[in-house]
Amino acid sequence: MTFTVMTPAAARDRLASDGDDFVLLDCRQPEEVAIVSIPGSVFIPMGEIPMRSGELDRTKEVAVLCHHGNRSEAVANFLVARLGFPRVANVRGGIDAWAAEVDPTLPIY
């Protein structure tokens, strides 16, 4: 089993229309989230995922977001390979791509 890759636009659409079956997991650091965040996302820093994974609903699709997509790829892999989450996606390009492709009003850092 492996994770999939999701575009920022697809993640936005899923978050807006399928909140009962979808979680946007922001794995950035608190200082990054203080700059910009996506309303409706769940924030768990990357380093806290092993301890706090129980806060995530395994029955929902989890799409992981970071700054550029590297940390979220590692978290997505961890959720699938180590914890057995059945539906996980990495949001391609992270919040940087989200700002460029979905919402240009978001601050870029």
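The values are calculated or read from the model by the stated rules, or taken from the named source; none is laboratory data. All values derive from a computational prediction rather than experimental measurement. Cβ coordinates were reconstructed from backbone atoms using ideal geometry, including for glycine residues, and neighbour counts include every protein chain displayed.
Structure data summary
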{"quantity": "Flag for Ile44 being without any contact (Cβ under 8 Å) to a residue 24 or more places away in the chain, touching a strand residue (DSSP E or B) at 6+ places or on another chain (Cβ under 9 Å) and crowded, with 17+ Cβ neighbours inside 10 Å", "calculated": "yes"}
{"quantity": "Filtered residues of the range 24-49 (kept if within 20 Å of Lys60 (Cα to Cα) and among the acidic types (Asp, Glu))", "calculated": "Asp26, Glu48"}
{"quantity": "Failed item, numbered, when Glu31 is tested on (1) more than 14 Å from the chain's Cα centre (by Cα); (2) at pLDDT below 95", "calculated": "(2)"}
{"quantity": "Yes/no for Glu61 being in contact with a strand residue (DSSP E or B) (Cβ under 7 Å, 6 or more places away or on another chain), surrounded by fewer than 21 Cβ atoms within 10 Å (Cβ to Cβ), acidic (Asp, Glu) and modelled with pLDDT of 95 or more", "calculated": "yes"}
{"quantity": "The range 64-90 - residue that is buried (at least 16 other Cβ atoms within 10 Å of the Cβ) and either more than 12 Å from the chain's Cα centre (by Cα) or basic (Lys, Arg) (or both) and, of those, farthest from Thr4 (Cα to Cα)", "calculated": "Arg71"}
